[in-house]
Amino acid sequence: MVNQPWWRNAVIYQVYVRSFADGNGDGAGDLFGLLDHLEYIASLGVDGIWLNPCYPSPQMDHGYDVSDYFDIEPAYGDLEIFDHLMMRANKLGLRILMDVVPNHCSDQHAWFTEAVAAGRGSRERERFWFREGQGVDGELPPNNWKAVFGGGAWSRITEPDGSPGQWYLHTFTPWQPDFNWLNEDVVDYFDRMLRFWFDRGVDGFRVDAVTVVGKHPDLPNAPDTPAGMTEMAAWASNPYTLFWPSAHDIWRHWREVIDQYERDNPIRELVTVAEAYTPGRPDLLLKFVEPDQFHQSFTFDLLLSPWNAQSFHKTAAKSYRSLHASGSSITWALNNHDVHRVVTRYGRTDAHLTSSWTGNNLVNSDASVDLEMGHRRARAAALLILGLPGAVYLYMGEELGLPEVLDIPDSARQDPIFARTEGREKGRDGCRVPMPWTSGSANLNGFSTSTSVEAWMPQPAGWGEMSVEVQEQLGDSMLNLYRQALQLRPRLVDEGKDIEFVGDGADGLFSFTRGSCAVIVNTSADFVEIPATLTDNRSVILESVQGATTNRDGSKLLAGNTAVWLG
Ligand code: NOJ
């Protein structure tokens, strides 16, 4: 097989730093805690770690509001501890990816405070999108754009002389002013930022919100949306920012910077993975992974798909075919820090419904949840995602089968989505509840080094029963299933083995072969016969639950809501 870059089939473990492990006893996760648990991550058998933003930040969107791209958030550590972490991770064979946020910074970033102070028409304001308001006294926003997290996309500042002033654009919240990428200072700043972290040894970046970085330079009004449309949907129908093509010039430029860095440092193999939600539109996704842009882009169609074999065929198989044909590396995820955890999604009695990012069902479905069913399906889904060709991103706690915490009291909610939509959307706190490491509740189930501190987000009762400590003792735990699957995965991943999708899912099976191996997922509730073409000359490599396959009258049957690897 041709030598492939390490990332093409890599499994990356996503660490939401704040929720992973608290090493300094303040109730929130940090780099000290991560350092203490690096061996655990390595023991899973993954190739690397993606760190959610851990730069200095007022934490209005938990790090996606960066106030300094060249340092570490003091509550999480400092550059020295980061360097130490890099070294330890590399020793354990783990790569480190950072998260870069190019669309916006924090309103506490020095550039933004300088821009407000510098006044109209200044070079400092050119780095953002400042505009005069409409109306008699400029009291109305410059256009009708909506923000992703609720409300309008503009906020008005007070000018240095105390008078009501210009407005600035923010795609997400008022605390996250959008950069103007037509400005050369912005371009240079991020070039320096990429190199700064590459010099410290990071192997790449997950790139935030790439679909909104471009903007029509005239900022025209977006087409009217029907009354009653959610904020999220209204925002997503604004063609003057979502997928606005000028952003691709930036990604081409970044690729030049990265390729040049690799030429200057020939032992380095760097990767960028774009966060681009393009439901049902692999053609749009392809634009981000053209050979002169991102190395990878998450293929979220699987994450957004309901638990249904036909839908898996339509989404995963379709995405695979178009991305594979383009030569791009295909990148899967079932979970991340923005969506309801998969155990809960698949446990919903309306799990047949398609979901969309934070817009509706992932966040706001009122359907009841059968956690036992959700777990059973999530186990099968683990074999599905780890059986597919390409890279896989796992989200911390996924390997423990943690469910979404749905009953967080409103008073404890911190996601700006909750406040900005006045509670209409509950937000994403439920997938960010601190990890349970042990079953001892005194120190927040092993999350904290302190026995007296409160967690930044409360853990529900019984959380410790799903801890790493407990699951390590149980042979059939979710944790051990992930470990086994990651250990056995190399038997399937060789890209030389062509993938063939089998059937169309109408029988409840989502199946594919990879050379001598086969992956079969039964999304129906009942036993289904596995076609003989898949079972002939193959035996069980791994089942999602023991005894998932049985022989009856000379055929092999697969139990409902399970999966198997054959080979
Ligand atoms: C996408 C990130 O994943 C999300 O957590 C964040 O709130 C927005 N982008 C804004 O940066």
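The values are calculated or read from the model by the stated rules, or taken from the named source; none is laboratory data. Bear in mind the structure is a predicted one, so any value in this text is a computation, not a measurement. So basically every Cβ, Gly included, is an ideal-geometry build from the backbone, and we count neighbours across all protein chains shown.
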Return the residue satisfying two criteria in turn: it lies in the range 262-276 and is among the acidic types (Asp, Glu) and part of a helix (DSSP H, G or I), and of such residues it is surrounded by the fewest Cβ atoms within 10 Å (Cβ to Cβ). Asp264
When every residue in the range 54-101 that is on the phi > 0 side of the Ramachandran plot and more than 19 Å from the chain's Cα centre (by Cα) is compared, the one nearest to the ligand (Cβ to nearest atom) is Gly77
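Residue-by-condition table, conditions (1) surrounded by 21 or more Cβ atoms within 10 Å (Cβ to Cβ); (2) more than 27 Å from Glu184 (Cβ to Cβ); (3) touching a residue at least 24 places away in the same chain (Cβ under 8 Å):
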position	(1), (2), (3)
Ala89	yes, yes, yes
Leu92	no, yes, yes
Phe112	yes, no, yes
Gln134	no, yes, no
Subset tally (residues that are surrounded by fewer than 20 Cβ atoms within 10 Å (Cβ to Cβ) and part of a helix (DSSP H, G or I)) for the range 235-249: 2
Test for Asp292: is it touching a residue at least 12 places away in the same chain (Cβ under 8 Å) and charged (D, E, K, R): yes
Restrict the check to the range 207-225 and report whether at least one residue is surrounded by fewer than 19 Cβ atoms within 10 Å (Cβ to Cβ), more than 23 Å from the chain's Cα centre (by Cα) and not in a loop (DSSP other than H, G, I, E, B). no
Taking Pro177 as the residue in question, decide whether it is modelled with pLDDT of 95 or more and more than 16 Å from the ligand (Cβ to nearest atom). no
Considering only the range 106-129, I want to know if a residue exists there that is away from the ligand (no atom under 16 Å from the Cβ), modelled with pLDDT of 95 or more and touching a Cys at 6+ places or on another chain (Cβ under 9 Å). yes
With respect to Thr278, determine if the residue is more than 21 Å from the chain's Cα centre (by Cα) and within 27 Å of Phe172 (Cβ to Cβ). no
So in the range 18-53, with the set limited to residues that are part of a helix (DSSP H, G or I) and within 16 Å of the ligand (Cβ to nearest atom), which one is surrounded by the most Cβ atoms within 10 Å (Cβ to Cβ)? Phe20
Count, please, the residues in the range 324-347 that happen to be surrounded by 22 or more Cβ atoms within 10 Å (Cβ to Cβ), outside any loop (DSSP other than H, G, I, E, B) and modelled with pLDDT under 90. 1
Using the structure shown, decide if Tyr13 is under 14 Å from Gly397 (Cα atoms) and not in a helix (DSSP H, G or I). yes
I'd like to know if the range 203-220 contains one or more residues that are more than 16 Å from the ligand (Cβ to nearest atom) and among the aromatic types (Phe, Trp, Tyr). no
